[in-house]
Amino acid sequence: MVRSALRSSLRASAGDSATISHVGTAEELLRACNQGSQVVALCALDIDGVPLLAVMSQLLSASARVVIVGSQESASLVPELLLRGAAGFLPLETTDPRQLWEAVEAAASGGATLHPAVAMLVLEQWRATRSDEAPQLTAKEMEVLRAMMAGTPAKSIARDLGLSVKTIDTHRSKIFSKLGVRTGAQAVQRALELGLS
């Protein structure tokens, strides 16, 4: 019932500009995606008992663009699929036919569409991952790193912090080691990538 309603909505939005069809199984979906034409697949998280995650790499190998449609409660499962290449997620409860068609068009042109709740989940996961990646610098190492990021030479850092140049060099060496770099410029670049400041 949901499938036929989606198909009708898409046909009404697309007019004659696209071929709209539906499949019932993951096997049929993969076959349709491997026919050579551009395919945007609107998929549930489960396709006739087969988890979308299980066939995601095959869909992407067939150059299909995947937009996930599902319930808002299932949104927590979507970030992993987005990381693996899905082009969006829309909750069935709040998505109208125009939004659905816009998501298909966005995916077909290489874009993505995310419901705000899923965007927040992705952002939270990204932040957690980023903070897990960031090395644990001591307070003094952070002071030295901030000074390095400001372009302050080692002698000036030593004077400003009331430390010897040798101590600053030791802190710099520890910073380089923790960031996995060899030069001050690389340390600054890596710190920026990790959002350290």
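Coordinate-derived values only; no laboratory data. All values reported here derive from a predicted model rather than from experimental measurement. Every residue, glycine as well, gets a Cβ built from its backbone with ideal geometry; the counts of neighbours run over all protein chains shown.
So in the chain, what percent of DSSP beta bridges are antiparallel if you round to the nearest 5? Could the numbers behind the result be given before it?
Values: 2 of 11 bridges.
Here the share of antiparallel DSSP bridges comes out near 20 percent.
Where does helix 97-108 land angle-wise versus the long Cα axis of the chain, in degrees 0 to 90, nearest 10?
60
How large is the convex hull of the Cα atoms of the range 134-194 per residue, expressed in Å³ as a whole number?
Details: hull volume 4.1 nm³, N = 61.
Enclosed volume per residue, from the Cα hull, is 67 Å³.
Working out 0.36 nm times the residue gap between LYS174 and SER76, then minus their Cα-Cα distance, what length gain in nm do you get to one decimal?
That works out to 31.4 nm of additional length.
For the range 32-145, count all C-alpha to C-alpha pairs, find those more than 18 Å apart, and express that count as a whole percent of the total.
That fraction is 55 percent.
How many nm is it between the label spots at GLU124 and GLU193, if each spot is 7 Å from the Cα in line with the beta carbon?
2.8
Tell me the label-point distance for the pair ASP48, ARG84, using the 7 Å Cα-to-Cβ offset, in nm and rounded to one decimal.
Result: 1.9 nm between the two label points.
Taking only the C-alpha atoms, wrap a convex hull around the range 94-197 and report its volume per residue in Å³ as a whole number. Display every interim value, and only then the final one.
Numbers: hull volume 13.5 nm³, N = 104.
In the range 94-197, the Cα convex hull volume per residue is 130 Å³.
What distance in nm lies between label points placed 7 Å from Cα along the C-beta direction at ALA108 and ALA134?
4.3
If Lys and Arg each add +1 and Asp and Glu each add -1, what is the summed charge of the other residues whose beta carbon sits under 15 Å from the beta carbon of LEU53? Spell out each step's value before the answer.
On the way: positive: ARG84; negative: ASP46, ASP48, GLU80.
Net charge around LEU53: -2.
Which ordering of ILE168, ILE47 is given by a fewest-first count of other beta-carbon atoms within 10 Å? Intermediate results must be reported in sequence, preceding the final value.
Numbers: ILE168 24, ILE47 20.
Arranged by neighbour count, lowest to highest, ILE168, ILE47 become ILE47, ILE168.
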